[in-house]
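Undergrad: Just dropping this structure here.
Throughout, read-outs are computed from the coordinates displayed, never taken from laboratory work. On a predicted model such as this, the values are computed, not experimentally measured, just so you know. Neighbour counts run over all protein chains shown; Cβ positions are idealised from the backbone, glycine included.
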Amino acid sequence: MTSVLVKDLTLKFGALTVLDNLNIDIPEGEFLVLLGASGCGKSTLLNCIAGLLDVTDGEIHINDRNVTWEEPSGRGIGMVFQSYALYPQMTVEGNLSFGLKNARMPKGEIRKRVERAAEILQIEPLLHRKPAALSGGQRQRVAIGRALVRDVDVFLFDEPLSNLDAKLRADLRVEIKRLHHSLKNTMIYVTHDQVEAMTLADRIAIMKGGIIQQLDTPTQIYNRPRNKYVAGFIGSPEINFFEGNVEEGSFVTGDRRFPLAGYAFQEEAPNGPAWLGLRPEHVLSGDAAKGLPVTAKVQIDIVEPMGSDTLAWATLASVPVRIRMDGQAAVSTGDQILIGFDPARASLFDKSTERRI
Amino acid sequence: MTPRGPKPRPRFSRTNVMLYGTLIVVAAYYALPLYVMIVTSLKGMPEIRLGNIFAPPVEVTYQPWVKAWAEACTGINCEGLSRGFWNSVQILIPSVILSIAIASVNGYALANWKFKGSEVFFTILIVGAFIPYQVMLYPLVIILRELGLYGNIWGLVLVHTVFGMPILTLLFRNYFTSVPEELFKAARVDGAGFWGIYFRIMLPMSLPIFVVAIILQVTGIWNDFLFGVIYTKPADYPMTVQLNNIVNSVQGIKEYNVNMAATLLTGLVPLIIYFASGKLFVRGIAAGAVKG
């Protein structure tokens, strides 16, 4: 069943088009992440779904009901904001019950719901405190609770973890995932953090310039990016790009020729200028590189040890290439090593359209 | 000596002497008139005639204060300033409440509920603040006459409310703009409407700006002379107008001590307000000024 349906959505601020004819169909219970750099329209899209912005054109349906003209409170959504947006003069309990009081719910029911939300989020001891007396993580929990008590079908998250420090962010990320597993609500989550997107999402929508570049599962997005922008945006360390030509089943760059046997072309293999994208972890080194379709002897320029793995830089076909190695790899600047990769795992993009080929 | 810990600073360095010297001179310059007023108001007329205006009173008398408050004459009326004081209070309270209530809602609407033409509306309102009062005096007389409010305390209340609107609206709009937008959005998701958000979310968190507005209005309206003398009848004259009439009366001898006491009495309300709320005032002004 469709939970949220965005149909031909366009939003303009004067002459500026922020969202351009967007269509998304979100099934019930899905965790959808809207991912993109700042200014790509992802938060704007969320605000449109929430009803906090009037749309220029198009429709929004929630639970098979057209809510395009509905007030935010009448749409059956709960929303969590980046700055928590807790009402500073109310206690945690007051914050949780504010929406329910506005809906004129009986007192007993309000208490029951607040208690339940507090229990799920483990904020019971904080109920009588003011937001100023809470830590960032606790505040965000209360903000989630405020959406939880409303007992809605759709949760909207607007960069909820961006104000937290790295460790708390990782903790709460897992908690949000757990919450989704137990509640099974539809969740739409806006972030610019690709780790959050990859770990939380059932599907990711990567946005740029008000247009969805690719809407797919994290695996598909990572392994088969539909265009060069998506390939470069997803993945850290960043993907390596080689500029060259596809010629008769090979990719030619500089003085090198990578055979493309085994590469799954979208259609018939075209000849012409193209980009080849190669993920740093798909470049193998040492013994593992032996026997791969492409091998080369390179010199290590820089080594960046990161603990869990080590990022090495080398030059291949006069392009600096990132190589992701094991964290324990004994490699240092100036070493001559053998690297290799299988072009079948790479991604090819047309030079002019930047689309996957 | 090895440098360690805070750097030692000489107490009587040249900068310090300059700084505190200047401050002391300026403070004395501003405090001196007040000092002269206070000592004069505590002297009897024979002592004043000696001409030592800076000398403290030899014989302290409170008679001038009593006379200024309860006995000084304006024309045939010898009730002192007390009547003017109560008139001013009657004008002040409704004017302050009304102007702040309207302006805060104005500011809130302009900051958070942008409508088509809201910026134009705001600009027009602000331009109003730059038009000299004198231009509007006579038209206002006619408007008040047509409304049946001319010469009435409520007419003056209306005038004060209208003239307070531009600056107060600006003050409140700037303050409410500085409130995070997400708070407003969260309240909308929670189903609060225009008034719900205003009373339950915005009001409780804007005490500082209300204090600033109250201070501005209380001192402004209390010190007003022009509107008071134009739009009310002698029986309703505010304290400032009455003070003028006492001090500038041409008949009889000039009682400097009574004049000083009367002036101090008139200035007492704004003075108390400033002393009681100086800190909040500064904080509110800063809060309102950060974002435009």
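Undergrad: Tell me, how many Å apart are the Cα centres for region A:1-44 and for region B:1-61?
TA: With region A:1-44 and region B:1-61 each reduced to a Cα centre, they are spaced 68 Å.
Undergrad: Let me have the 222 nm mean residue ellipticity of the protein assembly as shown computed from DSSP H runs of 4+ only, each contributing -39500 (n - 2.57), with the sum over all residues rounded to the nearest 500.
TA: -14000 deg cm²/dmol
Undergrad: Oh, and also: What is the distance in Å between the Cα centroid of region A:106-185 and that of region A:252-290?
TA: 46 Å
Undergrad: If you don't mind, another one. Would you kindly enumerate the cysteines in the protein assembly as shown that have no other Cys beta-carbon under 4.7 Å from their beta-carbon?
TA: A:C40, A:C48
Undergrad: Another question about this same structure. Over 18 Å between Cα atoms: which of A:K12/A:K42; A:K12/B:K185; A:K12/A:K228; B:K43/B:K254 fall into that group?
TA: In this structure, A:K12/B:K185; A:K12/A:K228 exceed 18 Å between Cα atoms.
Undergrad: What translational diffusion coefficient, to the nearest whole µm²/s, does the protein assembly as shown have by Stokes-Einstein, given a Kirkwood radius computed over alpha-carbon pairs, a temperature of 10 °C and 1.306 mPa s viscosity?
TA: Approximately 50 µm²/s, per Stokes-Einstein.
Undergrad: Ranked by Cβ crowding within 10 angstrom, fewest neighbours first, how are A:V142, B:V127 ordered?
TA: Result, fewest neighbours first: B:V127, A:V142.
Undergrad: Taking chain A as a Gaussian network, Cα atoms linked when under 10 Å apart, which of A:I204, A:I239, A:I123 shows the biggest mean-square fluctuation?
TA: A:I123
Undergrad: Which listed residue (A:T295, A:F233, A:G262) has the Cα farthest towards the positive end of the charge dipole for chain A, taking +1 on Lys and Arg C-beta and -1 on Asp and Glu C-beta about the Cα centre?
TA: Comparing the listed Cα positions along the dipole, A:F233 ranks first.
Undergrad: Using Cβ counts within 10 Å as a stand-in for footprinting exposure, how do B:K7, A:K177 rank, fewest first?
TA: Fewest-to-most Cβ neighbours within 10 Å comes out as B:K7, A:K177.
Undergrad: For B:I131 and B:T219, what is the calculated FRET efficiency with R₀ set at 25 Å and r taken between the beta-carbons, to the nearest 0.05?
TA: That pair, B:I131 with B:T219, gives E of 0.70.
Undergrad: Quick one: if you stick a label point 7 Å off each Cα along the C-beta vector at A:A166 and A:A103, how many nm between them?
TA: Between A:A166 and A:A103, the simple spin-label model gives 4.0 nm.
Undergrad: Still on this structure: List the chymotrypsin sites (Phe, Trp or Tyr not before Pro) within region A:252-357 that DSSP assigns to loop and that have no more than 16 neighbouring Cβ atoms inside 10 Å.
TA: Those satisfying the criteria are A:F265.
Undergrad: Here's another thing I want to ask about it. Of the listed peptides A:151-164, B:42-55, what is their order by residue-averaged count of other C-beta atoms within 10 Å, with the highest listed first?
TA: The peptides rank, most packed first, as A:151-164, B:42-55.
Undergrad: Another question, then. Obtain the nm distance between the two label points defined at A:K112 and B:L271 by a simple spin-label model: each point lies 7 Å from its Cα along the Cα-to-C-beta direction.
TA: 6.4 nm
Undergrad: Could I ask something else about it? Return the Cα extents of region A:24-76 along principal axes one, two and three, sorted largest first, each rounded to a whole Å.
TA: Between the extreme Cα coordinates on each principal axis of region A:24-76 lie 31, 26, 19 Å.
Undergrad: If you don't mind, another one. For region B:194-234 and region B:249-274, what is the separation of their Cα centres, given in Å?
TA: Between the Cα centres of region B:194-234 and region B:249-274 lies a distance of 26 Å.
Undergrad: What average number of partner chain Cβ atoms lie no more than 10 Å from the Cβ of the residues making up B:196-208?
TA: Mean shielding by partner chains, rounded to a whole number: 2.
Undergrad: Under 19 Å from a label point 7 Å along Cα→Cβ of A:E238: give me every residue in region A:27-42 with its amide N that close.
TA: A:35-40
Undergrad: Indicate the gyration tensor shape class of chain B (rounded, prolate or oblate), computed on the Cα atoms with a ≥ b ≥ c the square roots of the eigenvalues: a/c under 1.5 is rounded; otherwise a/b larger than b/c is prolate and the rest oblate.
TA: In terms of gyration-tensor shape, oblate.
Undergrad: In nm, to one decimal, how far is the modelled label at B:T123 from the one at A:E119, with both set 7 Å along Cα→Cβ?
TA: Once both label points are built, they end up 5.8 nm from each other.
Undergrad: For peptide A:82-90, how many partner chain Cβ atoms fall within 10 Å of a residue's Cβ, on average?
TA: 5
Undergrad: Check A:K208: other-chain or 5+ apart residues with amide H under 5 Å from its amide H, H built from backbone geometry?
TA: Here the answer is A:Q213, since their amide H atoms fall under 5 Å of that of A:K208.
Undergrad: Looking at the protein assembly as shown, send over the antiparallel percent of its DSSP beta bridges, to the nearest 5.
TA: The antiparallel proportion sits near 75 percent.
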